[in-house]
1. Based on other C-beta atoms within 10 Å, arrange 85, 123, 95 from fewest to most.
2. Could you give each residue of the stretch 11-22 its phi-based ³J(HN,Hα) in whole Hz, using Karplus coefficients 6.51, -1.76, 1.60 with θ = phi - 60°, and x for Gly or Pro?
3. Please arrange 99, 93, 6 by counting, for each residue, the other beta carbons lying within 10 Å of its beta carbon, fewest first.
4. To the nearest 500 deg cm²/dmol, what mean residue ellipticity at 222 nm is calculated for the chain from DSSP H runs of n ≥ 4 alone, each contributing -39,500 (n - 2.57), summed and divided by the residues?
5. Give me 136, 54 sorted ascending by neighbouring Cβ count inside 10 Å, so fewest comes first.
6. ³J(HN,Hα) across the stretch 110-126 via Karplus (A = 6.51, B = -1.76, C = 1.60, θ = phi - 60°), whole Hz, x for Gly/Pro?
7. What is the gain in length, in nm to one decimal, between residue 32 and residue 86 on full extension, counting 0.36 nm per residue of separation less the C-alpha to C-alpha distance?
8. What distance in nm lies between label points placed 7 Å from Cα along the C-beta direction at residue 115 and residue 131?
Amino acid sequence: MSADPMQELHDIEAIKQLKARYVRCADTQDWEGFAKLLTEDYLFDSEGGVVQGRDHVVAMVSKSLQGASTVHHVFAPEIAFTDADTAEAIWPMEDYVRMSHNGQVFAFHGCGHYWETYVRTDDGWRLRTCKLTRLRVDPIDGSSFPQAG
């Protein structure tokens, strides 16, 4: 969307670096660093539901991953600018998660996509929205998924 192709390439790289920090901070449970990557009105939509507001999302994610071990990989994004200061992207992803729920330990390998929007701020590019969709989830080590309730 930029008239300057070099600026557009710079912005694409900045968004890629932002996403790399996002998955690293999630995997290392660096919640302070994670929060700095999000807009104040950040919206996260996943199989666990929709949560809006940076503080609410960080609280929900940090609580659900407390004591968990995760590894996230993202690949070959499709990034498009909607104007000079906003963008959207689709990131193919896979993750490995080992966690407990109500005392039951389970692990899985998931594959899917992150559907995201970004906005340029005074502090650089930040995530505004993220929707996680999964194409498949495979249990690891004979795990069974926890039942609701």
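All of the numbers you see were taken from the coordinates with simple rules; none came from a lab. Because the structure is a prediction, the values reported are computed rather than measured. Note: ideal-geometry Cβ built from the backbone for every residue, glycine included; neighbour counts use all protein chains shown.
1. Working: 85 14, 123 8, 95 20.
The most exposed by this proxy come first: 123, 85, 95.
2. Ordered by residue, 3J(HN,Hα) equals 5, 4, 5, 4, 5, 4, 5, 4, 5, 4, 5, 4 Hz.
3. Details: 99 18, 93 21, 6 8.
The order, fewest Cβ neighbours first, is 6, 99, 93.
4. -8500 deg cm²/dmol
5. 136, 54
6. Each residue of the stretch 110-126 in turn: x, 9, x, 9, 9, 10, 10, 10, 9, 9, 7, 10, 4, 9, x, 5, 9 Hz.
7. Going from the current span to full extension adds 17.1 nm.
8. Distance between label points: 0.3 nm.
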